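The values are calculated or read from the model by the stated rules, or taken from the named source; none is laboratory data. Source: prediction; values computed, not measured. Note: ideal-geometry Cβ built from the backbone for every residue, glycine included; neighbour counts use all protein chains shown.
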Amino acid sequence: MFTVGIVGAGRLSHVHVRHLSRLPDIRFVTFDMHPERAKALADECGGSVCESFDEMLTRVDAVDIITPNDAHAEYATKAIRAGKHTFIEKPLEVSTIAAEGILEAAKDSKATVTVGHVVRYFAMYRRAHEIVKAGGVGKPAAIRMTRGGGMPGGEGGWFADHSRSGGVFIDLAVHDFDWLLWTLGPVTEVYAKSVGAKVGMGVDYGIATLTFADGAVANVESTWMDPTESRTAFEVCGSEGMIEFDSRNCPTLRSGGRLDQSFLPEDDPFFLQLKTFVECAREGKPAPISVQDAFEALRVAEACLKSAKSGQPIFLV
Ligand SMILES: NC(=O)c1ccc[n+]([C@@H]2O[C@H](COP(=O)([O-])OP(=O)(O)OC[C@H]3O[C@@H](n4cnc5c(N)ncnc54)[C@H](O)[C@@H]3O)[C@@H](O)[C@H]2O)c1
């Protein structure tokens with residue numbers, strides 16, 4: 001048996017346990033600052049509730065941290081230091097300062113530690129990465145990425161408090177920043193504007209321009225202000241051609257303003273990322289997405305927020 005401790009029993013945790021339950025010999029324990037939420041999740045997955053995180057650490061092989069963004073470091077650092085395999089939802093934290101402890105703990109750890117940059121497991125984003133890496137568009141020059149929909153709520157409305165969520169660059173565009181760093185390499189400069197950067201609360205919409213070390217430029221749009229269905233899209237243009245994807249043009253299930261990309265269960269990106277994590281942990285291997293990768297994506301997101309606050313470009317070395 002492989003026991004997974006789910007920390008935070010909110011919206012996404014129900015998705016995680018649904019996918020983890022499909023793996024062989026998995027058992028759950030749950031913990032939430034609201035015990036009734038931990039109980040509801042435990043009832044759903046046939047697990048049991050822990051009264052404290054310290055109790056959880058005595059009962060598990062792995063910890064899956066799905067709390068609001070500003071509580072990731074508190075649990076992740078402790079779990080990694082206790083030698084537990086650790087899955088941390090994206091973003092790594094709300095700031096690089098807050099994330100430093102996780103990075104340090106992960107460097108010293110022999111356990112499998114990874115971060116939920118699930119976009120790498122979406123078939124179209126994975127394929128686009130492979131095409132670009134194989135030179136399919138020639139030398140990448142100009143990239144456009146779009147992501148968003150309505151404002152997520154979260155328990156007690158924590159997404160609207162940017163000191164807890166980070167706002168759109170840190171919470172949402174971080175998915176695209178991770179894909180871009182994975183595919184195109186380091187970013188040297190960002191320039192960004194957003195609705196929420198100076199306000200620090202409520203709805204948010206941001207546009208960021210990233211310059212890469214190899215000269216390519218990417219425009220990343222992220223929104224919590226689109227009243228229609230959620231959407232993701234990209235366009236990668238290079239010296240030899242262009243590839244594009246728009247979720248609005250793909251076969252989908254649409255209901256009540258929600259868009260549901262219909263994956264076969266074995267292709268579901270959330271299933272694939274959790275299956276990879278558990279397999280790596282069971283085999284004693286590092287996971288493909290490292291804490292360092294997630295830290296770099298957070299660093300770009302944070303630079304965008306800083307640029308949007310100051311009105312100045314930010315240079316990254
Ligand atoms: N990968 C993705 O595409 C994706 C999608 C949605 C959310 N997320 C991430 O998942 C995480 C959770 O998001 P959600 O939408 O499930 O939020 P949510 O508000 O629905 O759930 C959070 C849960 O954590 C609990 N909680 C809050 N503070 C806590 C603390 N200090 N200790 C223990 N429990 C605490 C809350 O009671 C709640 O049950 C966030 O990091 C979010 O960014 C990722």
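Among the residues of region 94-101, is any charged (D, E, K, R), at pLDDT 95 or above, surrounded by 18 or more Cβ atoms within 10 Å (Cβ to Cβ) and assigned by TED's automatic domain parsing to the domain that holds HIS14?
Here is the first cut: in region 94-101, the residues charged (D, E, K, R) are 100.
Now restrict to residues that are at pLDDT 95 or above: 100.
From what's left, surrounded by 18 or more Cβ atoms within 10 Å (Cβ to Cβ): none.
Scanning region 94-101, I find no residue that is charged (D, E, K, R), at pLDDT 95 or above, surrounded by 18 or more Cβ atoms within 10 Å (Cβ to Cβ) and assigned by TED's automatic domain parsing to the domain that holds HIS14, so the answer is no.
In region 42-59, is there at least one residue being over 22 Å from ASP268 (Cα atoms), surrounded by 24 or more Cβ atoms within 10 Å (Cβ to Cβ), near the ligand (Cβ under 8 Å from one of its atoms) and not charged (D, E, K, R)?
Taking region 42-59 and keeping what is over 22 Å from ASP268 (Cα atoms), we get 42-43, 46-59.
Then drop every residue that is not surrounded by 24 or more Cβ atoms within 10 Å (Cβ to Cβ), which leaves 56.
Still in the running and near the ligand (Cβ under 8 Å from one of its atoms): none.
For region 42-59, residues over 22 Å from ASP268 (Cα atoms), surrounded by 24 or more Cβ atoms within 10 Å (Cβ to Cβ), near the ligand (Cβ under 8 Å from one of its atoms) and not charged (D, E, K, R): absent.
Scan region 80-89 for residues that are under 9 Å from ILE102 (Cα atoms) and part of a strand (DSSP E or B) and report the count.
0
Determine, yes or no, whether GLY157 is outside the structural domain of SER95 (by TED's automatic domain parsing) and surrounded by fewer than 18 Cβ atoms within 10 Å (Cβ to Cβ).
Numbers: outside the structural domain of SER95 (by TED's automatic domain parsing): yes; surrounded by fewer than 18 Cβ atoms within 10 Å (Cβ to Cβ): yes.
In short, yes.
Any chance region 200-218 includes a residue that's more than 19 Å from ALA297 (Cα to Cα), touching a His at 6+ places or on another chain (Cβ under 7 Å) and not in a strand (DSSP E or B)?
Within region 200-218, one or more residues are more than 19 Å from ALA297 (Cα to Cα), touching a His at 6+ places or on another chain (Cβ under 7 Å) and not in a strand (DSSP E or B).
How many residues does region 143-159 contain that are touching a strand residue (DSSP E or B) at 6+ places or on another chain (Cβ under 6 Å) and not β-branched (Val, Ile, Thr)?
Narrowing region 143-159 to residues touching a strand residue (DSSP E or B) at 6+ places or on another chain (Cβ under 6 Å): 143-148.
With the extra rule that they be not β-branched (Val, Ile, Thr), the set shrinks to 144-145, 147-148.
Qualifying residue count, region 143-159: 4.
Out of curiosity, is LEU23 within 13 Å of the ligand (Cβ to nearest atom) and either out of contact with any Leu (no Cβ under 9 Å at 6 or more places or on another chain) or farther than 20 Å from ALA79 by Cα (or both)?
Working: within 13 Å of the ligand (Cβ to nearest atom): no; either out of contact with any Leu (no Cβ under 9 Å at 6 or more places or on another chain) or farther than 20 Å from ALA79 by Cα (or both): yes.
The answer is no for LEU23.
Search region 264-290 for residues that are in contact (Cβ under 8 Å) with a residue 24 or more places away in the chain and in a helix (DSSP H, G or I) and pair each with any residue that is surrounded by 19 or more Cβ atoms within 10 Å (Cβ to Cβ) and among the basic types (Lys, Arg) when their beta-carbon atoms are under 9 Å apart and the residues are at least 6 apart or on different chains.
Listed pairs, sorted by first residue: PRO269/ARG120; GLN273/ARG120.
Would you check if there is a residue in region 116-132 being in a strand (DSSP E or B), of a type in the set (Val, Ile, Thr), surrounded by 18 or more Cβ atoms within 10 Å (Cβ to Cβ) and away from the ligand (no atom under 12 Å from the Cβ)? Outline the logic, then answer.
Step one: filter region 116-132 for residues in a strand (DSSP E or B), giving none.
No - not one qualifying residue is present in region 116-132.
For region 166-190, give me each residue that is under 15 Å from MET145 (Cβ atoms), within 14 Å of the ligand (Cβ to nearest atom) and not charged (D, E, K, R).
Hits for region 166-190 are VAL168, PHE169, LEU172, ALA173, VAL174, HIS175, PHE177, TRP179.
For PHE2, state whether it is near the ligand (Cβ under 10 Å from one of its atoms) and aromatic (Phe, Trp, Tyr). Even if it seems obvious, please write down each step before you answer.
Values: near the ligand (Cβ under 10 Å from one of its atoms): no; aromatic (Phe, Trp, Tyr): yes.
So PHE2 does not fit the description; no.
Out of the residues in region 255-305 that are at pLDDT 95 or above and acidic (Asp, Glu), which is surrounded by the most Cβ atoms within 10 Å (Cβ to Cβ)?
In the first step, residues of region 255-305 are kept if they are at pLDDT 95 or above; the result is 269-305.
Now restrict to residues that are acidic (Asp, Glu): 279, 283, 293, 296, 302.
Details: GLU279: 13, GLU283: 8, ASP293: 19, GLU296: 20, GLU302: 24.
Taking the candidates together, the pick is GLU302.
Checking the structure you have, find out if any residue of region 235-254 is modelled with pLDDT of 95 or more and basic (Lys, Arg). Full working, then the answer.
Let us first name the residues in region 235-254 that are modelled with pLDDT of 95 or more, namely 235-245.
Now drop any that are not basic (Lys, Arg), which leaves none.
Among the residues of region 235-254, not one is modelled with pLDDT of 95 or more and basic (Lys, Arg), which makes the answer no.
Which of the residues spanning region 134-165 are in a strand (DSSP E or B), within 16 Å of the ligand (Cβ to nearest atom) and within 27 Å of PRO186 (Cα to Cα)?
Going residue by residue through region 134-165, those that are in a strand (DSSP E or B) are 140-148, 161.
Subset that is within 16 Å of the ligand (Cβ to nearest atom): 145-148, 161.
Selection gives MET145, THR146, ARG147, GLY148.
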